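To start, the structure under review is shown below, and the notes come after it.
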Amino acid sequence: MSYRMIERFAQRSVSRAPLDVTASSPSLVIRVARDADLPGLHDLAELDSSAPLAGAALVAIVDGRPWAAIGLGDGRVIADPFVPSAEAVGLLRLRVRQLGVAAAQPRLGTLRRRVAGRAGAS
């Protein structure tokens, strides 16, 4: 390929309108798994050659399909090996850490009751 051909190709590529990534990007939803998700999670576990998750779980749904899930009790992950699910798994792990931090922080109502209890004991 000659330099001129490369230059023309580069100019043509630069002059194109920018891609609208919102139209072509898949939508990702991370949420607590529901009873209706159980068949999909069993299928996901089979694809991953793993046992189904037990107990509460978070699921990463991409364009309406479960790509990955993580058990809230044990942190075990199942994921579809036929899709690029590594980023979804990373987001699930991040969300579990966020939920753990939130659970460890005392709620305002609990804190008020503790303070009121201490004030009454004095």
For this session: Restrict the check to the stretch 27-36 and report whether at least one residue is touching a residue at least 24 places away in the same chain (Cβ under 8 Å), assigned to a loop (DSSP other than H, G, I, E, B) and in contact with a Pro (Cβ under 7 Å, 6 or more places away or on another chain).
Result: no
Exercise. If you take the residues in the stretch 37-52 that are acidic (Asp, Glu) and assigned to a helix (DSSP H, G or I), which one is farthest from the chain's Cα centre (by Cα)?
Worked result: Glu46
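Say whether the condition of being in contact with a Ser or Thr (Cβ under 6 Å, 6 or more places away or on another chain), within 23 Å of Asp48 (Cα to Cα) and modelled with pLDDT of 95 or more is met by at least one residue in the stretch 89-103.
Residues of the stretch 89-103 in contact with a Ser or Thr (Cβ under 6 Å, 6 or more places away or on another chain): none.
No, every residue in the stretch 89-103 fails to be in contact with a Ser or Thr (Cβ under 6 Å, 6 or more places away or on another chain), within 23 Å of Asp48 (Cα to Cα) and modelled with pLDDT of 95 or more.
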For this session: Taking only the stretch 53-71 into account, find how many residues are surrounded by fewer than 18 Cβ atoms within 10 Å (Cβ to Cβ), touching a residue at least 12 places away in the same chain (Cβ under 8 Å) and closer than 25 Å to Ser27 by Cβ.
Result: 3
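Is it true that Leu111 is of a type outside the set (Ser, Thr, Tyr), at pLDDT below 90 and surrounded by 10 or more Cβ atoms within 10 Å (Cβ to Cβ)? Talk me through it step by step, then tell me what you get.
On the way: of a type outside the set (Ser, Thr, Tyr): yes; at pLDDT below 90: yes; surrounded by 10 or more Cβ atoms within 10 Å (Cβ to Cβ): yes.
In short, yes.
The values are calculated or read from the model by the stated rules, or taken from the named source; none is laboratory data. Just so you know, these numbers come straight off a predicted model, no measurement behind them. Methodologically, a virtual Cβ is constructed for each residue, glycine included, from the backbone with ideal geometry; neighbour enumeration extends over all protein chains shown.
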